[in-house]
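Q: Structure below; questions to follow.
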Amino acid sequence: MFDRLQRFFDEVSGARAREMGTDDPQVAAAALLVHVARADGEERQSEDERLLASLRSAFGLDPHEAARVAEMGRRADEEAVDLYRFTSVIKAHMDEAERIAFVDLVWDTIYADGEVHELEDNLAWRIAELLGVSSRDRMIGKRRAAERSSAENAES
């Protein structure tokens, strides 16, 4: 599923000669992931690292480009008044499978610190609803992210 998402963003991004804005799917995705990472009111290095790793793997970005997109996402999130600004961009550019894969990235970001705060859980629900991702797919993604998080913590 993540391969499809990466191929999609490779096609959309091209050479990245143009300046990206909030109507760019990568910036919109980064803004939502930043918002999720900050939802519990704490900035944690683990969440920032997960966000950058998600941008690199899902969108095929090198570390420098991922950091640039993440920073653009942070600025866009700070200026935003709602989630619709970003979810509408993603919904317009992704098919159903890609939106489900994105919700999985949301859950991975949430589980980066090993716990789910009620605000993060609510935010994942709202993002999934705005993206047209079913409750079933959202909960499957949550379970998979929890399992990945447990496996990573067991390895540490």
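Q: Has the range 20-43 got any residue that is under 14 Å from the mean Cα position of the chain (by Cα) and without any contact (Cβ under 8 Å) to a residue 24 or more places away in the chain?
A: The answer is no, given that none of the residues of the range 20-43 is under 14 Å from the mean Cα position of the chain (by Cα) and without any contact (Cβ under 8 Å) to a residue 24 or more places away in the chain.
Q: Every residue in the range 1-39 that is at pLDDT below 85, surrounded by 19 or more Cβ atoms within 10 Å (Cβ to Cβ) and over 18 Å from MET72 (Cβ atoms), please.
A: Selection gives LEU5, PHE8.
Q: Could you check the range 64-156 for helices (runs of 4 or more DSSP H) lying wholly inside it with 3 or more residues that are under 17 Å from ALA37 (Cβ atoms) and not β-branched (Val, Ile, Thr)?
A: Details: elements: 84-93, 96-110, 118-131, 135-155.
Once the helices (runs of 4 or more DSSP H) in the range 64-156 are filtered for at least 3 residues that are under 17 Å from ALA37 (Cβ atoms) and not β-branched (Val, Ile, Thr), what remains is 96-110, 118-131, 135-155.
Yes/no per residue for (1) modelled with pLDDT of 95 or more; (2) not hydrophobic (A, V, I, L, M, F, W, C):
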position: GLU79; (1), (2): no, yes
position: MET94; (1), (2): no, no
position: TYR111; (1), (2): no, yes
position: GLY114; (1), (2): no, yes
position: ALA124; (1), (2): yes, no
position: LEU131; (1), (2): yes, no
position: SER150; (1), (2): no, yes
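Q: Output the number of the condition that HIS117 fails; it satisfies all remaining conditions of (1) surrounded by fewer than 22 Cβ atoms within 10 Å (Cβ to Cβ); (2) under 15 Å from the mean Cα position of the chain (by Cα); (3) in contact (Cβ under 8 Å) with a residue 60 or more places away in the chain.
A: Result: HIS117 passes all but (2).
Q: Could you list, in sequence order, the residues of the range 40-58 that are in a loop (DSSP other than H, G, I, E, B) and surrounded by 16 or more Cβ atoms within 10 Å (Cβ to Cβ)? Lay out the reasoning, then the answer.
A: First pass over the range 40-58, keeping only residues in a loop (DSSP other than H, G, I, E, B): 40-44.
Within the range 40-58, just ASP40 meets the criteria.
Q: Could you please tell me which pairs satisfy a Cβ distance under 7 Å, a separation of 6+ or placement on different chains, a first residue in the range 130-156 that is among the hydroxyl-bearing types (Ser, Thr, Tyr), and a second residue that is not in a helix (DSSP H, G or I)?
A: SER149/GLY114
Q: Now for a separate question. Would a scan of the range 48-62 turn up a residue that is among the hydroxyl-bearing types (Ser, Thr, Tyr) and free of Cβ contacts under 8 Å to residues at least 40 places away in the same chain? Don't jump to the end; show me each part of the working.
A: Going residue by residue through the range 48-62, those that are among the hydroxyl-bearing types (Ser, Thr, Tyr) are 54, 57.
Within this subset, residues satisfying the condition of being free of Cβ contacts under 8 Å to residues at least 40 places away in the same chain are none.
No; the residues of the range 48-62 include none that is among the hydroxyl-bearing types (Ser, Thr, Tyr) and free of Cβ contacts under 8 Å to residues at least 40 places away in the same chain.
Q: Pairs please, first residue from the range 63-77 and touching a residue at least 40 places away in the same chain (Cβ under 8 Å) and surrounded by fewer than 22 Cβ atoms within 10 Å (Cβ to Cβ), second anywhere and of a type in the set (Ser, Thr, Tyr) and not in a helix (DSSP H, G or I), Cβ atoms under 8 Å, 6+ apart in sequence or on different chains.
A: none
Q: Identify, by number, the condition in (1) touching a Leu at 6+ places or on another chain (Cβ under 6 Å); (2) in a helix (DSSP H, G or I) that LEU61 doesn't meet.
A: (2)
The values are calculated or read from the model by the stated rules, or taken from the named source; none is laboratory data. Predicted model only: the values in this text are computed from it and were never measured. With ideal geometry, Cβ positions are generated from the backbone for all residues, glycine too; neighbour counts draw on all protein chains shown.
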